[in-house]
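Since the structure comes first, as structure tokens, the remarks are kept for the end.
The values are calculated or read from the model by the stated rules, or taken from the named source; none is laboratory data. This one's a predicted model, so the numbers in the text were calculated from it and none came from an experiment. Heads up, the Cβs are rebuilt from the backbone with ideal geometry, glycines too, and the neighbour counts pull from every protein chain shown.
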Amino acid sequence: MNQHAVSVIGLGAMGAGIARTLLNAGCRVSVWNRSRGKVDELVSQGATACDSPLDAIEANTHVIVCLTDYAAWQAIIEANGLSDCFAGTCIIPLTTGTLETVQDHATFIEQHGGRLADGAVMCYPSDLGTETGSLLMAGSPDVLEECDPILRMLAANWTNLGEDFKKPTILSRALMVDVGMSLIGIVNGVAIAQAGGISLDVFMQHTQNVGAIIPVEKIRLIEAIRDGNTEETQATINAWGEGQKAVRAIAQSLGTNLVFQDAVKEVFEEAEKRGLSKKDLAALAEVFAPGS
Ligand SMILES: NC(=O)c1ccc[n+]([C@@H]2O[C@H](COP(=O)([O-])OP(=O)(O)OC[C@H]3O[C@@H](n4cnc5c(N)ncnc54)[C@H](OP(=O)(O)O)[C@@H]3O)[C@@H](O)[C@H]2O)c1
């Protein structure tokens, strides 16, 4: 047992994973959840039960909040009259939010005398406490420093994004575009392969080969955008666009849903309108830029 003590509010898949990881690291953990069964499960693993969210706030100076969204947390605060209970407490929301809800929450906690370290978890619950654990955090240097021992138990190399509370949300959502689109792309590719009578074992084998270029290509694209180098290319936007047009035509022939291809088609049409056809794929950054 180490000297650290933390409360965890919200014991869904992620909150329970956080509580369990902290317990395994030797931390004293008090837990509250709307459905009591999840509290009892954690108590059987060594946590202390809290009968109310107020108990959880009063039990420890550091309180991790891991709920579906900030609206759920706001509903808990209002239903339990918690507004005046934050003085002296450090709230650590590891909950997905919008820029507005994150900022409103930060203002609310600070106006009510609390300290805040806002964050986003960038891994599965089972990665916490292992070398693949990943946490993006923001807060004032002194608050992040006091939270450091707790954060380290979850992700040894947690990332400090500075004082702007919105940064973890922005970075985590930007990264989710990448993960989300490639995973949705795989599911869409499976639908096309299946509709065309390709075995999924064969599809799987080849997707691994084709996918091998992705990590290198991602870095090349990011560097090209950062350096403004979008002229040099091995495959122009036009070539990529023609390739995606062919995908759409085949998907249409096979009768799969075209909703994904239609979105991709719009991106390339927009690039063509802007005269980017001869440039590298990195030039699509111009299509996505704010106000474009
Ligand atoms: N799971 C992951 O792999 C993962 C990865 C990265 C980030 N995250 C983030 O972690 C957060 C939690 O995700 P999760 O996977 O743990 O979700 P989850 O399994 O669906 O759990 C949601 C939690 O929120 C509680 N909740 C929702 N609405 C509530 C309300 N109105 N009042 C009280 N409690 C309420 C639920 O309580 P009940 O148990 O009573 O329903 C439960 O504890 C989310 O913001 C998610 O984006 C999750």
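Observations
- Exactly one residue among 75, 49 is without any contact (Cβ under 8 Å) to a residue 12 or more places away in the chain and of a type in the set (Gly, Ala, Ser), and that residue is 75.
- Tally, over region 75-89, of residues that are in contact with an Asp or Glu (Cβ under 8 Å, 6 or more places away or on another chain) and either over 18 Å from residue 52 (Cα atoms) or within 16 Å of the ligand (Cβ to nearest atom) (or both): 0
- Extreme residue, nearest to the ligand (Cβ to nearest atom), among residues of region 114-128 that are closer than 11 Å to residue 63 by Cα and outside any loop (DSSP other than H, G, I, E, B): 116
- Scanning region 187-216 for residues that are within 30 Å of residue 96 (Cβ to Cβ), modelled with pLDDT of 95 or more and loosely packed, with under 13 Cβ neighbours inside 10 Å yields one hit, 187.
- The condition of being loosely packed, with under 11 Cβ neighbours inside 10 Å, under 28 Å from the mean Cα position of the chain (by Cα) and either of a type in the set (D, E, K, R) or modelled with pLDDT of 95 or more (or both) holds for residue 226.
- Of all the criteria given as (1) under 30 Å from residue 142 (Cα atoms); (2) more than 16 Å from the ligand (Cβ to nearest atom); (3) not small (Gly, Ala, Ser), the one not satisfied by residue 203 is (1).
- Residue within region 33-44 that is at pLDDT 95 or above, within 22 Å of residue 151 (Cβ to Cβ) and either near the ligand (Cβ under 9 Å from one of its atoms) or among the charged types (D, E, K, R) (or both) present: yes
- Contacts under 7 angstrom Cβ, first residue in region 113-127 being β-branched (Val, Ile, Thr), partner surrounded by 19 or more Cβ atoms within 10 Å (Cβ to Cβ), 6 or more apart: 121/14; 121/94; 121/135
- Residue in region 62-71 that is away from the ligand (no atom under 12 Å from the Cβ), assigned by TED's automatic domain parsing to the domain that holds residue 47 and of a type outside the set (Lys, Arg) present: yes
- Here residue 255 meets each of (1) touching a residue at least 60 places away in the same chain (Cβ under 8 Å); (2) under 28 Å from residue 122 (Cβ atoms) with one exception, condition (2).
- Options 58, 78, 41: the member that is out of contact with any Ser or Thr (no Cβ under 8 Å at 6 or more places or on another chain), among the acidic types (Asp, Glu) and under 24 Å from residue 3 (Cβ atoms): 58
- For residue 155, the requirement of being within 15 Å of the ligand (Cβ to nearest atom), in the same structural domain as residue 69 (by TED's automatic domain parsing) and in contact with a Pro (Cβ under 7 Å, 6 or more places away or on another chain) is not met.
- Scan of region 1-51 for residues that are part of a helix (DSSP H, G or I), within 23 Å of the chain's Cα centre (by Cα) and polar (S, T, N, Q), ordered by number: 21
- Neighbours by Cβ (under 8 Å, 6+ apart or cross-chain): first from region 55-68, modelled with pLDDT of 95 or more; second aromatic (Phe, Trp, Tyr) and within 14 Å of the ligand (Cβ to nearest atom): 55/32; 56/32; 65/73; 67/73
- Test: residue in region 272-280 that is among the aliphatic types (A, V, I, L, M) and either within 30 Å of the chain's Cα centre (by Cα) or in a helix (DSSP H, G or I) (or both): no
- Check on residue 2, within 16 Å of the ligand (Cβ to nearest atom), on the phi < 0 side of the Ramachandran plot and of a type in the set (S, T, N, Q): no
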